[in-house]
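Following: one structure in structure tokens, then a few remarks.
The values are calculated or read from the model by the stated rules, or taken from the named source; none is laboratory data. Bear in mind the structure is a predicted one, so any value in this text is a computation, not a measurement. Reconstructed Cβ throughout: ideal geometry from the backbone, glycine too, with neighbour counts over all protein chains shown.
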Amino acid sequence: MRKVIFLQSKFPEDDSEFMYLFKRWEEYGETLGQYCKEAVIWLFCTNFQQGQRAQFLKSQNIKFLRSVESNVNTRARVLALNREIYQSSSSFTLVCGDNQKSLLIAIYLKLTNGSKVRVQIQFHGDTYSFRFNRGLRGLVRVCLSRIGIVFSDSIRIVSKFQMEEIKAFAPKSHQKFVLAPIPIEYSRVAVARSAKTIDLAFIGRLHKERGITELVDVITLIKEVSPEIRVVIAGDGPLRTEIEQQLSDWIEKGDLLMPGYLSGEQIFDLYANTKVLISTAPQEGYGLTLREAALSNVLVVARNSKGAFEAQSTYPDQIKTFSSLSEAVSLIQGSLNHNIDAAPDKLDAQRQIDKEGLSRLVHSWLDN
């Protein structure tokens, strides 16, 4: 029987994000058990886990290798995992949690153990092209991603357009792809409230990759023509202080709020109270936030990108795209007075997409 081992080099620092990751693994484990009763997810962490978080991870669908857990430092843990694989009569699928440290460990284990080991990498966003990954750090990120494409046995992607982008520079990769979008976190999907108090919201990490400069410009323009609108920027990151300085006048007046990082329950409340969601990210992998908002009957105005277009094709009435700041302002203004009716069939269709993607993913782990 093939064993599935998740290789994880680090965990989210925020407890809510940690629990979100844990719940996703739980769902993967439950689905895996449906296809093979004896199959479970084994978790290999490069660092020794202890305390409350370790207890959360030790659930019925996630197991730890005892021979590994008796070691503290990373090198000893990797060597222990290598011995475990070498001495086992089973074959293994190693699922890399990142295309850096986890990937390098997976490649070492594959080179050491040969055909007994299969490696799966995953791309939730574009870490494989030089166009969107600048500087030395970006260069290293792209090089490792492309090494992963060569050495991997399967590549999980979350959107169809990623296939064409990767095939453009790695044509032999076409047989490796597994289309498995990130499942929607339905606890965040809200039922719209009759009296919405927030006109425009942004949800995401406040760093360059999310188009924060454009976000500030759009908010500035929309406030100049419609000063009465209420805005919420939800998230945290290195550009938070800069945003607070640039938008300080409206923050002081109280009609622009920056609550910081929000939990899933708080995001639910934000969706329920919001009329329009703005996304200024120059690229989207799957557009998870766009889809959550659309399912919550929030109108979405998103910057042109392949990921946004793909999400728009699924939710054409809820998601609109823009290519210029003036177009973004126009779409926001038009959306503020436009209501959309709740459609339960959207949820059913999305659940089916999630189910089919999860099935493909699990099969890719078990296939010989």
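Residue-wise test of (1) in the same structural domain as Ser335 (by TED's automatic domain parsing); (2) touching a residue at least 24 places away in the same chain (Cβ under 8 Å).
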position: Ala168; (1), (2): no, no
position: His174; (1), (2): no, no
position: Gly204; (1), (2): yes, yes
position: Glu224; (1), (2): yes, no
position: Glu228; (1), (2): yes, yes
position: Gly235; (1), (2): yes, yes
Open item on the list: Given the options Leu257, Leu262, Leu277, name the one that is at pLDDT 95 or above, under 20 Å from Tyr186 (Cα atoms) and of a type in the set (A, V, I, L, M).
Closed with: Leu277
Task: Among (1) out of contact with any Pro (no Cβ under 9 Å at 6 or more places or on another chain); (2) closer than 27 Å to Phe18 by Cα, the one test that Ser159 misses - done: (1)
Task: Answer from Phe48, Phe44 - the residue that is at pLDDT 90 or above, within 26 Å of Asn113 (Cβ to Cβ), among the aromatic types (Phe, Trp, Tyr) and surrounded by 15 or more Cβ atoms within 10 Å (Cβ to Cβ) - done: Phe44
Task: Top-ranked residue of segment 105-120 - restricted to ones that are touching a Leu at 6+ places or on another chain (Cβ under 6 Å) and either at pLDDT below 95 or part of a strand (DSSP E or B) (or both), ranked as nearest to Val142 (Cα to Cα) - done: Val119
- [ ] Give me the pairs, please: first residue somewhere in segment 356-367 and within 17 Å of Ser152 (Cβ to Cβ) and not assigned by TED's automatic domain parsing to the domain that holds Glu27, second residue anywhere and outside any helix (DSSP H, G or I) and polar (S, T, N, Q), beta-carbon distance under 6 Å, and either six or more positions apart or on two chains.
- [x] Ser364/Ser154; Trp365/Thr93
TODO: Within segment 126-165, count every residue that is part of a helix (DSSP H, G or I) and of a type in the set (D, E, K, R).
DONE: 6
Task: Single condition Asn339 does not satisfy, out of (1) loosely packed, with under 15 Cβ neighbours inside 10 Å; (2) outside any loop (DSSP other than H, G, I, E, B); (3) not acidic (Asp, Glu) - done: (2)
Open item on the list: Among the residues that make up segment 266-277, is at least one of them without any contact (Cβ under 8 Å) to a residue 40 or more places away in the chain and charged (D, E, K, R)?
Closed with: no
Task: Subset of segment 302-351 (residues that are over 15 Å from Val276 (Cα atoms) and hydroxyl-bearing (Ser, Thr, Tyr)) - done: Ser305, Ser313, Thr314, Ser323, Ser324, Ser326
- [ ] Might you check whether a residue that is more than 23 Å from Glu26 (Cβ to Cβ) and within 24 Å of the chain's Cα centre (by Cα) occurs anywhere in segment 89-100?
- [x] yes
